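Read through the structure below, which is laid out as structure tokens, and then see the notes.
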Amino acid sequence: MLLEKANMIDHTLLKADATKDDIVRLAEEAKKYGFASVCVNPVWVKTAYEILKDTDVKVCTVIGFPLGATTPEVKAFETTNAIQNGAEEVDMVINIGALKSRDLELVENDIRAVVEAAKGKALVKVIIEACLLTEEEKVLACQLAVKAGADFVKTSTGFSTGGATVEDVALMRKTVGPDFGVKASGGIRTAEDLLAMEKAGANRIGASAGVKIVTGQA
């Protein structure tokens, strides 16, 4: 049983075909087990917030998801809108193409647009989509997230070619230092996975298998 680890898990459901009943169930599970947050698509923020507003469970949503290929202005608007609907955490995807083109100013400004829209109202986690990056790009992305004033770096959307790896988490932790958040997400399905990611330096886990993980079924 890993119930004491529930408060580091973002209980996640980002599938396109998730229904209202699915979101209600997710939120009720989060309340029951004491997860850090539920992570849902923006259209479901209000629904989740209504269930969780009097609890310690936060509502987390995603911005520029899953490709990161919208403009800073759009990401900022998405952030403002999500906060108005009850989100207290936002997981934004960086402009991956700009990073690979070495337009570092654009990458930083893109992150900062979300940080400024969220200022004082929501935590910002920056998804670097590590599976698409070289080692150097992973380091650069983490450095830019810190520089832009975000709160966390996050490994993956869970919708690309790969998820979290112990190696990526360790590199991200080494890059951002001890006082910045590192979220491992994508393919974390068992208690063993969670503990390995925590040992590598993650202090938040994104998982859809949260209930199974904390109840010892996975």
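The values are calculated or read from the model by the stated rules, or taken from the named source; none is laboratory data. As the structure is a prediction and not an experimental result, all values here were calculated from the model. Counting neighbours? That spans all protein chains shown, and the Cβs are built from the backbone with ideal geometry, glycine included.
When restricted to residues that are under 13 Å from SER156 (Cβ atoms) and among the hydroxyl-bearing types (Ser, Thr, Tyr), the range 166-181 contains 0. Based on this model, can you work out whether GLY158 counts as in contact with a Leu (Cβ under 8 Å, 6 or more places away or on another chain), under 17 Å from ILE127 (Cα atoms), modelled with pLDDT of 95 or more and surrounded by 19 or more Cβ atoms within 10 Å (Cβ to Cβ)? Taking the combined requirement at face value, the residue satisfies it.
From the set of residues in the range 14-37 that are in contact with a Phe, Trp or Tyr (Cβ under 8 Å, 6 or more places away or on another chain) and outside any helix (DSSP H, G or I), which is surrounded by the fewest Cβ atoms within 10 Å (Cβ to Cβ)? So the residue we want is ALA18. Considering VAL90, VAL115, the condition of being free of Cβ contacts under 8 Å to residues at least 60 places away in the same chain, hydrophobic (A, V, I, L, M, F, W, C), touching a strand residue (DSSP E or B) at 6+ places or on another chain (Cβ under 9 Å) and within 24 Å of ILE188 (Cα to Cα) is satisfied by VAL90 alone. For the range 57-84, filtered to residues that are outside any helix (DSSP H, G or I), of a type outside the set (A, V, I, L, M, F, W, C) and within 18 Å of the chain's Cα centre (by Cα), the residue that is nearest to THR134 (Cα to Cα) is GLY68.
Mind listing just one residue for me: the one in the range 85-113 that is under 18 Å from the mean Cα position of the chain (by Cα), part of a helix (DSSP H, G or I) and not charged (D, E, K, R) and, of those, surrounded by the most Cβ atoms within 10 Å (Cβ to Cβ)? Ranking the candidates gives VAL107 first.
When each of VAL59, VAL43 is tested for being of a type in the set (A, V, I, L, M, F, W, C), buried (at least 18 other Cβ atoms within 10 Å of the Cβ) and under 20 Å from VAL93 (Cβ atoms), the lone residue that passes is VAL59. Restricting attention to the range 182-218, the residues that are of a type in the set (S, T, N, Q), buried (at least 24 other Cβ atoms within 10 Å of the Cβ) and over 17 Å from the mean Cα position of the chain (by Cα) add up to 0.
When residues of the range 126-159 are filtered for being under 17 Å from THR79 (Cβ atoms) and of a type in the set (Phe, Trp, Tyr), how many remain? Number satisfying all stated conditions: 1.
For the range 164-183, check the following and say yes or no: at least one residue is of a type in the set (Ser, Thr, Tyr) and within 23 Å of ALA69 (Cα to Cα). Checked against the condition, which is being of a type in the set (Ser, Thr, Tyr) and within 23 Å of ALA69 (Cα to Cα), the range 164-183 yields no hits at all.
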